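Undergrad: Pasting in a structure now, in structure tokens, and then I'll have a few things to ask.
The values are calculated or read from the model by the stated rules, or taken from the named source; none is laboratory data. Quantities reported herein were computed from a predicted structural model and do not represent experimental measurements. All Cβ positions, glycine included, derive from the backbone under ideal geometry; neighbour counts span all protein chains shown. Side chains included, ligands, DNA and RNA excluded: accessible areas come from the protein's heavy atoms. Shrake-Rupley method; radii C 1.70, N 1.55, O 1.52, S 1.80 Å.
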Amino acid sequence: RVTGENALNRLRGQIAQRRIMTKPCFNDFDRHNCGYVSRNQFAQGLSYLGLECTEAEIKAINALYGDCKGINYHKFFKDMDPVQPEPQKYQRNLSEMVRYIKFRETGTERLLNRDACKTVEAVIDKIKETVMKRRIRLLEFFKDYDKLKAGRIKKSNFKRALDLSGLNLTTDEAELLCTRYQSDQDNVFYHHFNDEIESIFTVKGLEKSPTKQVVQYKIMPEWLKNNLSKPIQEVYNSAMEHLARFVKTRRMQLYPMFEDYDKCKNGTVTYSQFRRVLSILSLIADEVEFHALEKQYKVNVGGMNVFNYLAFCDDVYELAKLNKLD
């Protein structure tokens, strides 16, 4: 007695042996793409593919996959050639993306916290320098949250506007500003904060007092903010005095030696290039002195700490009491 399972096993062996693409043949019969073909079309498709079946086997297959609509060839081929479902990658990729974003945010926050300001005055000076360099209009980021034009917004919106402005403030720095310009428990006077920052460009109400003298805001050079501990400061002073005596005696020009490495003409070189120049001139060989000089003239350019050779050369010439062009 022929059963449907025996017929399927024999057909499955033929398909696997001859590597037949079966489904496209039956798709041609299924004009409406409903997954069904007639019994005659099913038998014709098997004959076209060269799959030999007896009458009893075809009747057994019809009994398994046939109904009032015809033969469900989708289900037939699903049983004949089962396809392993691909694993769902969305959840895995989503979890990896979330983990990477958290790692990146944690790393960025750690780098920001390393150089975070401790007082509100330092935070304001930091913002003024950023606004001065990048010409940011902070008011544009705050006024969208002030629908009533009251000059104050919620503390959460104030922090959000600071983030959108690209000032790269830490959570503690933003909290210091909220405390400084707080109007009540949940609101912040953003207009007062904006007036303080905009004072670097002009003084508010200057048209009412045209004779008032306005002092131009100047950004403190970054390398002047580097604070050395007392032992390192002593090593730095000693190294600079030695360099000044050497330059004064030889009447040496230091700038050309560094300019060969300064391809971008921004007044900086890497630490290794700085050490190479001084080693070529046989000026300094002590690692402690190198470290003290690098720490004093360290500046950040493009997220990387480099050496400000212009400030270094200026200080050496000033100690040697020489003109820079001598």
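Undergrad: Modelled with pLDDT of 90 or more, surrounded by fewer than 16 Cβ atoms within 10 Å (Cβ to Cβ) and either of a type in the set (D, E, K, R) or within 16 Å of GLU222 (Cα to Cα) (or both): is that true of LYS154 in this structure?
TA: yes
Undergrad: Does any residue of region 75-84 turn out to be crowded, with 17+ Cβ neighbours inside 10 Å, modelled with pLDDT of 75 or more and either under 30 Å from LYS298 (Cβ atoms) or out of contact with any Lys or Arg (no Cβ under 9 Å at 6 or more places or on another chain) (or both)?
TA: The answer is yes; a qualifying residue exists.
Undergrad: So, one more: Would you say TYR271 is farther than 26 Å from LYS128 by Cα and without any contact (Cβ under 8 Å) to a residue 60 or more places away in the chain?
TA: yes
Undergrad: Do we find a residue being buried (at least 16 other Cβ atoms within 10 Å of the Cβ), in a loop (DSSP other than H, G, I, E, B) and either acidic (Asp, Glu) or touching a strand residue (DSSP E or B) at 6+ places or on another chain (Cβ under 7 Å) (or both) anywhere in region 178-187?
TA: yes
Undergrad: Residues in region 1-55 that are charged (D, E, K, R), open to solvent by 50 Å² or more (accessible area, probe 1.4 Å) and in contact (Cβ under 8 Å) with a residue 12 or more places away in the chain: how many?
TA: Our first condition is that a residue be charged (D, E, K, R); within region 1-55, this holds for 1, 5, 10, 12, 18-19, 23, 28, 30-31, 39, 52, 55.
Among the residues that remain, those that are also open to solvent by 50 Å² or more (accessible area, probe 1.4 Å) are: 1, 5, 10, 12, 18-19, 23, 28, 31, 39, 52, 55.
After this cut, where a residue has to be in contact (Cβ under 8 Å) with a residue 12 or more places away in the chain as well, the list is 10, 12, 18, 23, 39, 52.
Qualifying residue count for the region: 6.
Undergrad: So ILE219 clears everything in (1) at pLDDT 80 or above; (2) within 34 Å of the chain's Cα centre (by Cα) except one condition, right? Which one?
TA: All conditions pass for ILE219, except number (1).
Undergrad: Take residues that are over 28 Å from ALA116 (Cβ atoms), open to solvent by 40 Å² or more (accessible area, probe 1.4 Å) and of a type in the set (Ser, Thr, Tyr) and tell me which of the helices (runs of 4 or more DSSP H) falling wholly in region 204-303 contain 2 or more.
TA: Of the helices (runs of 4 or more DSSP H) lying wholly inside region 204-303, those with at least 2 residues that are over 28 Å from ALA116 (Cβ atoms), open to solvent by 40 Å² or more (accessible area, probe 1.4 Å) and of a type in the set (Ser, Thr, Tyr) span 230-250, 271-280.
Undergrad: Sticking with this structure for a sec: Restricting attention to region 236-274, which residues are under 17 Å from LYS298 (Cβ atoms) and in contact with a strand residue (DSSP E or B) (Cβ under 9 Å, 6 or more places away or on another chain)?
TA: Passing the criteria: PHE258, TYR261, ASP262, ASN266, GLY267, THR268, VAL269, THR270, TYR271, GLN273, PHE274.
Undergrad: I'd like to know if region 204-227 contains one or more residues that are in contact with a strand residue (DSSP E or B) (Cβ under 6 Å, 6 or more places away or on another chain) and charged (D, E, K, R).
TA: So far as region 204-227 goes, yes, one or more of its residues are in contact with a strand residue (DSSP E or B) (Cβ under 6 Å, 6 or more places away or on another chain) and charged (D, E, K, R).
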